[in-house]
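Data block below; observations after.
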Number of protein chains: 2
Amino acid sequence: MVTTERDYVAEHRDDLLHDLDQWLRIPGISAQPERHDDVRRSAEWFADAARRTGFPTVEVWGDGPWLPAVFAEWRSDDPDAPVVLVYAHHDVQPVDPLELWHTDPFEPTIDGDLLRARGASDDKGQLLFHLLGLQAHLAATGRTSPAVTLKFIVEGEEESGSPHFEELLATHRERLACDVVVVTDTGMVAPDVPSTVTGMRGMVAATVSFHGPDLDLHSGVFGGAIPNPATEIARLVAALHDDQGRVQVPGFYDDVLDLTDTERDLFAKVPSDEGEFLKVTKSRALRGEHGFSTLERLGARPTAEVNGIGGGYIGAGHKTIVPSDAFVKLSFRLVADQDPATIIKGVEQFVTDHTPEGIVSHVEWEGSGVRACLVPLGTPAYNALSGAISEAFDGAQVLPTREGGSGPEAGLQAAVDRPLVFLGVGLPDDQIHAPNEKVTLSMLYKGAEAAALLWTRFAEVGAEALRSS
Amino acid sequence: MVTTERDYVAEHRDDLLHDLDQWLRIPGISAQPERHDDVRRSAEWFADAARRTGFPTVEVWGDGPWLPAVFAEWRSDDPDAPVVLVYAHHDVQPVDPLELWHTDPFEPTIDGDLLRARGASDDKGQLLFHLLGLQAHLAATGRTSPAVTLKFIVEGEEESGSPHFEELLATHRERLACDVVVVTDTGMVAPDVPSTVTGMRGMVAATVSFHGPDLDLHSGVFGGAIPNPATEIARLVAALHDDQGRVQVPGFYDDVLDLTDTERDLFAKVPSDEGEFLKVTKSRALRGEHGFSTLERLGARPTAEVNGIGGGYIGAGHKTIVPSDAFVKLSFRLVADQDPATIIKGVEQFVTDHTPEGIVSHVEWEGSGVRACLVPLGTPAYNALSGAISEAFDGAQVLPTREGGSGPEAGLQAAVDRPLVFLGVGLPDDQIHAPNEKVTLSMLYKGAEAAALLWTRFAEVGAEALRSS
């Protein structure tokens, strides 16, 4: 009895809805220690679901400092089949402020094509469409094992910043070996605009401190005759950008991979509503590097932002001092091929160059930084992904997008040293990390169909070509 | 039996030392409510001392929200004699950190020419030399009443910022009417360099707030595409001064009374040790408006200083946000003839000019500001003061200096609307407001002698000429 991926998905939607209803009731909030038992229950629930789907190997990894992660593996009966590692996470964001929710965050509620619950979009819904997709893949191809060897790594700490993910990856390095990585934790531009993320920015972050006089001084008795570290740190911040919004750190743009004409053309096709962007950001104006669109600024250009600034007296009223100290917390979002180590050196040079006589500066880094993650267009892995998504969306062109933030993807890619692509069907208005999170069910079905098709396409491309991406 | 002012002072030094020893034991710390009984005892002690000296009218003014002040009046038997109002204060600074004191702050200790105790220099010693000086004046002139009508107003809240002094002045306006004011709460350059303060700076202070997005935004997802209020407030601060250290507020220097050539020559004669200044300020470099010496920058030039700056995340570690808000606390020290109201308007214009699109700015002022207090050189009152000091210092030239801070003097001058001069004998190393405060006894004797001589000189000048200063 032959079926298509689409038909199978359409006929088994209720299975997905039933599973979602169960899983979304488990409040696995990794950021809240009192919910860590729920995080474990959440992992166990998904492990059972994977076993039910047919995965021969399913393990809950609780053998490290991390919260329970799930590893599931289903080897293809073709010994030469590519090995695909799917990344997702099963933990969810906190739900505060609870009073802003219109429904109970852990009582999944269906409203037409929308399913509301914490984790519906980020990331339980997106992980579960894979189970349905895999069954559709088997049914449509008539196989008893997938066309590719599938490994799932489902993290339990992503919403807490993946503090132990690199350690987990190192511990289980051999089990996670693969030819290509599929990340399932992102979104598309709109229901009728299929797209795939092709980049996430990297980051380095530092606190720059300026020390002036060894004590706070009376600004009347001494003001106007000695350097003021708060004024000087402000001058350093002001010098960070030129009038064109370009970051003035020496060598900052040297290794930036410029957007190709093709990429810019494709970026320009992404529907972008500036009014909507201002509404989402509750902002009053756009601002950024001249010569680039908002989407390009967010995804494809590196930035320098002040995350915090402080110094002197900041309480009520006034204390007329020349402060002894001031500091600024800076973060730099990086794009391919910027090297965090090079940027760190450049920032230190910038600070040295902008430390005036009489001021002692100090730079303290948050770790060693994270590289950007970039998916080049036109590689075999990208083309297979793009083709599978396009087929699920009736042949529509798949647009590449980029995300401005930094997730565990760069670390994952570095650990397995393989190409990575993004298959995600969230939507911009899913309210992830916010009250009233929802997922659009028809997007989940599209995701299941695209996943089912993707395994066939990956098998056709073959392991070696995928790796070479 | 005829004597000279100097001989009388020399012969009655022990009286001064005895009085000081008593009064300095009373810990009248106005900033500490638990010491307010001591502030009252301190006022009562001085009132008694004034009565012993012969003042016919002595009142402790406790009839307002202020801590007790002392008013003492001794009318000259010459009905045309000038009326002189002497200002000083009897409260003292807190003594923390106590562990840094080498002797008990309220156990006066004599060590050669030095007397150590809290308040020895600021301001009990300087007020008490007046009582000895007045007796010397009477003895040397053979008078039974002073050559001028003397009124003393001795405040009890100066070390707490004189919060009720204007109200006290308004309440007792008629009692305080005078022809000239003598402020006794300042110092000289060095024991062998007699000098007099000829200016104190005024001030306006404000908090400037910048509001960007209505909520803190993720600096990865949104950074690089919207204005960052912390970056923008830093740019405003950086724009406050040009490369020459000149304040860029519109019209800032329009009303600044430039130093005359005479004043600059006299300023240049004041011994000034930059190494010592860096030591006192625990600083590593000098900085200020180009074209002016440190002394000129501190006393005769207006400034803009950042007293505090804040915005975004300032705790440990990092929170990668584009903050919603940032602010800077600014104070501007003013010199004659800058009008606080004009400067306030200029700063508001500057803020408007430096508020970029997408940022909402707000300026909140601390009150309406304080004008600078300036003593013009060469007036009858100044010449009389300078002559009296010079005579006490064996004919040495008296140098004019200026203080950078702002005290209650401008308010006092405005309330009585009369010229004001400064007779003070503190020294730069007196450690006022710090542990181990001391006064140099020989300076107190010089002060007593100068005061004794001053009343005679003022009488010779006459009321009308003094007022016209």
From B:Val221, B:Val249, B:Val256, B:Val237, residue being touching a residue at least 40 places away in the same chain (Cβ under 8 Å) and at the interface with chain A (Cβ under 7 Å from one of its Cβ atoms): B:Val237
Options A:Arg457, A:Arg402; residue that is more than 19 Å from A:Ile153 (Cβ to Cβ) and in contact with a Phe, Trp or Tyr (Cβ under 9 Å, 6 or more places away or on another chain): A:Arg402
Top-ranked residue in the stretch B:207-218 [being at the interface with another protein chain (Cβ under 9 Å from one of its Cβ atoms) and crowded, with 23+ Cβ neighbours inside 10 Å; ranked as nearest to B:Arg297 (Cα to Cα)]: B:Gly212
Residue that is farthest from A:Ala326 (Cα to Cα) [pool: residues in the stretch B:323-333 that are small (Gly, Ala, Ser) and at the interface with chain A (Cβ under 7 Å from one of its Cβ atoms)]: B:Ser331
Enumeration of residues in the stretch A:282-322 that are among the hydroxyl-bearing types (Ser, Thr, Tyr) and either in contact with a strand residue (DSSP E or B) (Cβ under 7 Å, 6 or more places away or on another chain) or at the interface with chain B (Cβ under 7 Å from one of its Cβ atoms) (or both): A:Ser283, A:Thr294, A:Thr303, A:Tyr313, A:Thr320
Pick from the stretch B:380-407, criterion polar (S, T, N, Q) and not in a helix (DSSP H, G or I), ranking: surrounded by the fewest Cβ atoms within 10 Å (Cβ to Cβ): B:Gln397
Within the stretch A:270-283, tally of residues that are in contact with a Leu (Cβ under 7 Å, 6 or more places away or on another chain) and either more than 24 Å from A:Leu427 (Cβ to Cβ) or at pLDDT below 90 (or both): 3
B:His362 vs. criteria touching a Gly at 6+ places or on another chain (Cβ under 7 Å) and either surrounded by fewer than 21 Cβ atoms within 10 Å (Cβ to Cβ) or under 23 Å from B:Val182 (Cβ atoms) (or both): no
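Quick one: is A:Ala304 under 24 Å from A:Arg264 (Cβ atoms) and among the aliphatic types (A, V, I, L, M)? Can you show your working first?
On the way: under 24 Å from A:Arg264 (Cβ atoms): yes; among the aliphatic types (A, V, I, L, M): yes.
In short, yes.
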Conditions (1) at pLDDT 95 or above; (2) closer than 30 Å to A:Asn228 by Cβ; (3) more than 7 Å from every other protein chain (Cβ to nearest Cβ); (4) out of contact with any strand residue (DSSP E or B) (no Cβ under 8 Å at 6 or more places or on another chain); number of the one not met by A:Glu364: (4)
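If we scan the stretch A:145-156, do we find a residue that is without any contact (Cβ under 8 Å) to a residue 12 or more places away in the chain and part of a loop (DSSP other than H, G, I, E, B)?
Looking through the stretch A:145-156, none of the residues is without any contact (Cβ under 8 Å) to a residue 12 or more places away in the chain and part of a loop (DSSP other than H, G, I, E, B).
Which of the residues that make up the stretch A:328-346 are surrounded by fewer than 24 Cβ atoms within 10 Å (Cβ to Cβ) and in contact with a strand residue (DSSP E or B) (Cβ under 7 Å, 6 or more places away or on another chain)?
A:Ala336, A:Pro340, A:Ile344
Is at least one residue of the stretch A:186-204 closer than 30 Å to B:Phe327 by Cα, facing another protein chain (nearest Cβ under 9 Å) and surrounded by fewer than 20 Cβ atoms within 10 Å (Cβ to Cβ)?
no
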Of all residues making up the stretch B:313-356, the number that are in a strand (DSSP E or B) and under 36 Å from the mean Cα position of the chain (by Cα): 10
Matching strands (runs of 3 or more DSSP E) fully within the stretch A:48-113 where at least 1 residues are in contact with a helix residue (DSSP H, G or I) (Cβ under 6 Å, 6 or more places away or on another chain) and of a type outside the set (Lys, Arg): A:57-61, A:69-74, A:83-89
Answer from A:Ala341, A:Ala336 - the residue that is in contact with a Cys (Cβ under 9 Å, 6 or more places away or on another chain), more than 9 Å from chain B (Cβ to nearest Cβ) and not aromatic (Phe, Trp, Tyr): A:Ala336
Residues within the stretch A:290-312 that are touching a Lys or Arg at 6+ places or on another chain (Cβ under 8 Å), surrounded by 20 or more Cβ atoms within 10 Å (Cβ to Cβ) and part of a loop (DSSP other than H, G, I, E, B), tallied: 2
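Each row is one residue, and each column tells you yes or no for (1) of a type in the set (Phe, Trp, Tyr); (2) over 30 Å from B:Asp429 (Cα atoms).
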site: B:Val189; (1), (2): no, no
site: B:Arg201; (1), (2): no, no
site: B:Phe210; (1), (2): yes, yes
site: B:Asp216; (1), (2): no, yes
site: B:Ser219; (1), (2): no, yes
site: B:Ile226; (1), (2): no, yes
site: B:Arg235; (1), (2): no, yes
site: B:Gly251; (1), (2): no, yes
Residue among A:His137, A:His130 that alone is within 25 Å of A:Ser442 (Cβ to Cβ), of a type outside the set (S, T, N, Q) and more than 22 Å from the chain's Cα centre (by Cα): A:His137
So A:Ala49, is it crowded, with 17+ Cβ neighbours inside 10 Å, in contact with an Asp or Glu (Cβ under 9 Å, 6 or more places away or on another chain) and either over 30 Å from A:Pro435 (Cβ atoms) or hydroxyl-bearing (Ser, Thr, Tyr) (or both): no
Tally of residues being more than 9 Å from every other protein chain (Cβ to nearest Cβ) and part of a loop (DSSP other than H, G, I, E, B) across the stretch B:272-281: 2
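The values are calculated or read from the model by the stated rules, or taken from the named source; none is laboratory data. This one's a predicted model, so the numbers in the text were calculated from it and none came from an experiment. Reconstructed Cβ throughout: ideal geometry from the backbone, glycine too, with neighbour counts over all protein chains shown.
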